[in-house]
1. Could you give the nm distance between label points at GLU137 and THR234, where each point is 7 Å from its Cα heading toward the beta carbon?
2. Pairs of alpha-carbon atoms within less than 8 angstrom and 6+ residues apart define the contacts here; what relative contact order does segment 126-165 have, in percent?
3. Any chance you could run the full-extension gain for GLN61 through GLU85? It's 0.36 nm times the residue separation minus the Cα-Cα distance, nm to one decimal.
4. Show me 207-213, 123-129, 99-105, 195-201 ranked by packing, highest mean number of other Cβ atoms within 10 Å first.
5. Below 8 Å between Cα atoms, with a sequence gap of 6+, how large is the relative contact order for segment 93-249 in percent?
6. At 1.4 Å probe radius, can you tell me the per residue accessible area of segment 198-249 in Å²?
7. So how much slack lies between ASP209 and GLU112, counting 0.36 nm per residue of separation and subtracting their Cα-Cα distance, in nm?
8. Report the relative contact order of segment 188-230, percent, no decimals, based on alpha-carbon pairs under 8 angstrom and at least 6 residues apart.
Amino acid sequence: MARPDTKQATETLQEVNSVFDRIAEWVATNPALVMSAIGGVLALAAIVGVADWRSRATANQAAASVAAVQAEYFAAMGATPGSVEVPEPANPEAVQGIREEYVQRFLEVADEHSGSVASISALMEAATLSEQLGDSEGALSALERASEEARSGSALRGLVLERLAQSYEDNGKDREAAGAYEQAGEITSLPSRKIALMNAGRVWARVGDDAHALELFDQAEALESDAAVPDHLTFRMQEVRARAATATP
């Protein structure tokens, strides 16, 4: 076994000590520069800390504002404290008036906290109430805005897009629905990504684009996902594939 080169180790240690000696000497002769650099680092850390605190405080305030409007809506509809479902008052005219009022309230709080998660929640609530009022355009407008405000690539945006796609379908806007489902299916963090792609394929097939539908079905099947695929989607996929096989010479 070769013995270590003690001379080389000694020389290396001397070089390291020399470097530290020079650093110590420079620090001693330039204290103002050193303190300035340390102060800059501490100031940057403080700025980041304050910005993070302000961001959290703003998010909490936005969430509290939306929660307050939601609680007031529940109370106006006659819900008891702690209820998770809104009862249906006996007077239809009163119900309509309350819903119309709170569509505007939710839209206003969304305006106040635009771009926040709470704003998206408020827009979703406004869309739900608009649908209950039969105002499909109002519902679509709120959902489209929510999809634009949601952070790109986030699971939240995927969920909003799925809801928007369903609303497009309900209003006979199949191409828009297929596009929204497909955008949701492109978001890797979306738990229901496979279902979104299957739905996109289903709707594209309905508008006559079997080729693109088959591509999306293949993408969905290639995903490793625990999401349970509804039977109607599986059946639709099989139907489109059988039709394509029959049409192929």
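1. 4.2
2. Numbers: 28 pairs, mean separation 12.8, N = 40.
Here the relative contact order equals 32 percent.
3. Values: separation 24, 0.36 × 24 = 8.64 nm, distance 2.43 nm.
Full extension of this stretch gives 6.2 nm more.
4. On the way: 207-213: 15.7, 123-129: 23.9, 99-105: 17.9, 195-201: 26.6.
So the peptides 207-213, 123-129, 99-105, 195-201, ranked by packing, come out 195-201, 123-129, 99-105, 207-213.
5. Details: 206 pairs, mean separation 21.0, N = 157.
Value for segment 93-249: 13 percent.
6. Numbers: 3080 Å² over 52 residues.
For segment 198-249, the per-residue accessible area is 59 Å².
7. Full extension of this stretch gives 30.7 nm more.
8. Numbers: 34 pairs, mean separation 20.1, N = 43.
Across segment 188-230, relative contact order equals 47 percent.
The values are calculated or read from the model by the stated rules, or taken from the named source; none is laboratory data. It should be emphasised that the depicted structure is a prediction, and the values quoted were computed from it without experimental measurement. Cβ atoms come from the backbone with ideal geometry, glycine included; neighbour counts cover every protein chain shown. With ligands, DNA and RNA removed, areas are computed over all heavy atoms of the protein, side chains included. Shrake-Rupley method; radii C 1.70, N 1.55, O 1.52, S 1.80 Å.
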